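Colleague: Here it is, the structure in full.
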Amino acid sequence: KGLLCGVLFVLSTTYIPQMRVPFTIFFAILIDFLPPKPPNRGAKLEFLITEDWYFWSHRLPVARAARNAGLDVIVMTRVNKHGDLIANEGFKLVPIGLRRSSRNPIREVLSILEIIRLYHREKPDIVHQVALKPVLYGSLAARLVGVPRIVNAIAGLGSTFIAQGWKASFLKTFVHLAFRAAFFAENVSVIFQNPEDLRAFTVSGIVKKQKTVLIKGSGVDTVHFKCSTEPVGIPTVILASRMIWDKGIGEFVSAARMLKQDGLNCRFLLVGASDPDNPRSISEETLNCWHNEGVVEWLGHRKDIPEILSATNVVVLPSYREGVPKILIEAASCGRAIVTTDVPGCREIVRHNENGLLVPPRDVKTLADAIRSLIEAPTLRASMGARGRQIVKDEFSEEIVVRDTMALYREILQKKLSSTINPLCGEMGKKG
């Protein structure tokens, strides 16, 4: 920029000397308005995630590893309570208006246009998009802007794929077509959390097998979630998750009521907040009603999950379908026996009669029987807890998830990006 203005200034003042002062002023202003030369930088990695709390709880270790390897990390998310924490990590925080709950066509189009504008502004080398809307909207935006590499993470298929009826079938067909379009480009990689979701997408032709990667969940810090001996006294059973019906919370409450009516002396805890942005959210009124009835104790949102698990005997999650539920990985890491449903995602972490019990979804009687059998068998719980801890260390630790995700970043940078960024790949190989 400076060289260009200098050449123009010399030429103009040589042939028009009387214009030396005006041209000096003009070219000084021109220097300020010309676009700057792009600085030398590492590759840019941009996360697109609907909620800041989800980034903080599920993607922070990967983002830290990418930052430590030399990537510039950008986080695009709806900012609520975790914005300062994200910014203090050294990541660039880009607030967006995308909402999971919105079904307004105009709002959705505006969200897509916002993502297009921000991708164009930030010019990422890789976008890592997590969950349904970021994957669908972000893939469209990335292709229009020309983002070199797209990583789409399927964190679970959610209520869209669980619901029944003709409306749900129509919506599933539409979403399948949208996924197929999102995964069509050659520069797309798709992360699945369990092999059953991966198989379903590849068999149906939604995505080619060579574009897929299996990374089991978001990992767990096995030092933070350490193995501990069970508490003594009245046994405690917990279900910790967002308070939505598809987690099987209604079945858990019914099973607790059944067991208490049968005389089982046991505490049943619900840990987690209602989720107003989810159409299947359980109202606080309902949760308070259960709590006041005395059938369960609703603790609401808690940040001390390791301490809660250490004070627990059995962990339950009767979910209808999952990616790989983080709470079950955390429970197994703490050495707790688990009761969960025999559905994709849940059976990835729990092996029947090894580290827990699998029951059919929506089956209150079988769920209650499974909880009772573990409450009455402390020796079995201890052996299951030890086995669960080993499974986590072998397959689900934070180190494994970070290693595999960084390997994916390194691979796609080496294959697709220009030589000005390739030196970073070697640095990633050393640090990632």
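Colleague: Please report, as a whole percent, how much of the solvent-accessible surface of the range 183-225 comes from carbon and sulfur atoms (probe radius 1.4 Å).
Modeller: 59
Colleague: Quick check: residue separation of Lys393 and Lys365 times 0.36 nm, minus the Cα distance between them. What number comes out in nm?
Modeller: Computed gain between Lys393 and Lys365 is 6.8 nm.
Colleague: At R0 = 60 Å, how high is the FRET efficiency between Leu113 and Ala386 if r is their beta carbon distance? Nearest 0.05 is fine.
Modeller: Plugging the Cβ-Cβ distance into 1/(1 + (r/R0)^6) gives 0.70.
Colleague: Let me ask another. Listed highest first by mean packing, meaning other Cβ atoms within 10 Å per residue, what order do 214-222, 42-50 come in?
Modeller: Answer by packing, highest mean first, reads 42-50, 214-222.
Colleague: Along the principal axes of its C-alpha atoms, what lengths does the range 248-368 span, in descending order and rounded to whole Å?
Modeller: So the extents along the principal axes, rounded to whole Å, are 36, 36, 28.
Colleague: Would you please give the residues with an amide H less than 5 Å from that of Leu93, counting only those at least 5 places away or on a separate chain, with H modeled from the backbone geometry?
Modeller: Those lying under 5 Å, H to H, from Leu93 are Val75.
Colleague: Express the relative contact order of the range 257-377 as a whole percentage, based on alpha carbon pairs under 8 Å and six or more residues apart in sequence.
Modeller: 20
Colleague: Right, something else. Could you derive backbone 3J(HN,Hα) for the range 360-373 from the dihedral phi with the Karplus parameters 6.51, -1.76 and 1.60 (θ = phi - 60°), listing whole Hz in sequence and x where the residue is Gly or Pro?
Modeller: Residue by residue, the range 360-373 yields x, x, 6, 10, 5, 4, 5, 4, 4, 4, 5, 4, 4, 4 Hz.
Colleague: Determine the gain in length on full extension of the stretch Leu144-Ser101; use 0.36 nm per residue of separation and subtract their C-alpha separation, reporting nm with one decimal.
Modeller: Here the answer is 13.0 nm.
Colleague: Turning to a different aspect of this structure: Compute log10 of I(q)/I(0) for the range 41-160 with the Debye formula, placing one identical point scatterer on every Cα and leaving out solvent, at q = 0.15, 0.23 Å⁻¹, to two decimals.
Modeller: -0.61, -1.49
Colleague: Now for a different question. For His301 and Leu85 in the same chain, what is the full-extension length gain: residue separation times 0.36 nm, less their Cα-Cα distance, in nm?
Modeller: 76.0 nm
Colleague: Taking N as the number of residues in the range 92-220, what is its Cα Rg relative to 2.2 N^0.38 Å?
Modeller: 1.06
Colleague: Filter Lys81/Lys123; Lys247/Lys365; Lys172/Lys326 down to the pairs with a C-alpha to C-alpha distance above 22 Å, please.
Modeller: Over 22 Å Cα-Cα: Lys81/Lys123; Lys172/Lys326.
Colleague: I want to make sure I understand the PRE zone here: with the label point 7 angstrom from the Cα of Glu284 toward its beta carbon, which residues in the range 233-258 have backbone N atoms less than 14 Å away?
Modeller: From the range 233-258, the list is 243.
Colleague: While we're on this one: Using alpha-carbon pairs under 8 Å, 6+ residues apart, how would you state the relative contact order of the range 242-311 in percent?
Modeller: 37
Colleague: Still on this structure, I have one more. From the P(r) of the range 156-288, could you give the percentage of C-alpha pairs in the tail past 22 Å?
Modeller: 59
The values are calculated or read from the model by the stated rules, or taken from the named source; none is laboratory data. Everything numeric in this text was worked out from a predicted model, so none of it was measured. Here the Cβ is made from the backbone with ideal geometry for all residues, glycine too, and neighbour counts use every protein chain on show. What goes into the accessible areas is simple: the full protein's heavy atoms, side chains included, and nothing from ligands, DNA or RNA. Shrake-Rupley method; radii C 1.70, N 1.55, O 1.52, S 1.80 Å.
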